[in-house]
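Input: a single structure, listed below in structure tokens.
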Amino acid sequence: METTMRTLQITLPVGDAAFLRRQSRNMGWQVSTVRASHKRGSLERAIEDVRAGRVYQADSVEDLMAQLEA
């Protein structure tokens, strides 16, 4: 008998993963882990800007305002 298979993606707490794996094994299902894509945070983007040299230093408030308006 041919069984139609379907792939599902479930998001669950890490603590429940062992339970899901155990239940899936009992049912004869195949379980695999898919890593979520990593979204860069503000700090990571700022560090990348510093490393790439995209950092500016103003000599005065007027200079800072001129850089922001440019």
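The values are calculated or read from the model by the stated rules, or taken from the named source; none is laboratory data. It should be emphasised that the depicted structure is a prediction, and the values quoted were computed from it without experimental measurement. Using ideal geometry, Cβ is built from the backbone for each residue, glycine included, and neighbour counts are taken over all protein chains shown. These area figures cover heavy atoms from the full protein model, side chains too; ligands, DNA and RNA do not enter into them. Shrake-Rupley method; radii C 1.70, N 1.55, O 1.52, S 1.80 Å.
Could you check the chain for helices (runs of 4 or more DSSP H) lying wholly inside it with 1 or more residues that are in contact (Cβ under 8 Å) with a residue 24 or more places away in the chain?
Numbers: elements: 17-27, 42-52, 61-69.
Once the helices (runs of 4 or more DSSP H) in the chain are filtered for at least 1 residues that are in contact (Cβ under 8 Å) with a residue 24 or more places away in the chain, nothing remains.
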Exercise. Restricting attention to the stretch 47-61, and to residues there that are aliphatic (A, V, I, L, M) and open to solvent by less than 90 Å² (accessible area, probe 1.4 Å), which single residue is farthest from the chain's Cα centre (by Cα)?
Worked result: 58
For this session: Specify the residue that is farthest from residue 4 (Cα to Cα); the eligible residues are those in the stretch 14-24 that are open to solvent by 100 Å² or more (accessible area, probe 1.4 Å) and more than 21 Å from the chain's Cα centre (by Cα).
Result: 19
Exercise. Is it true that some residue in the stretch 25-46 is of a type in the set (Val, Ile, Thr), over 30 Å from residue 8 (Cα atoms) and open to solvent by less than 100 Å² (accessible area, probe 1.4 Å)?
Worked result: no
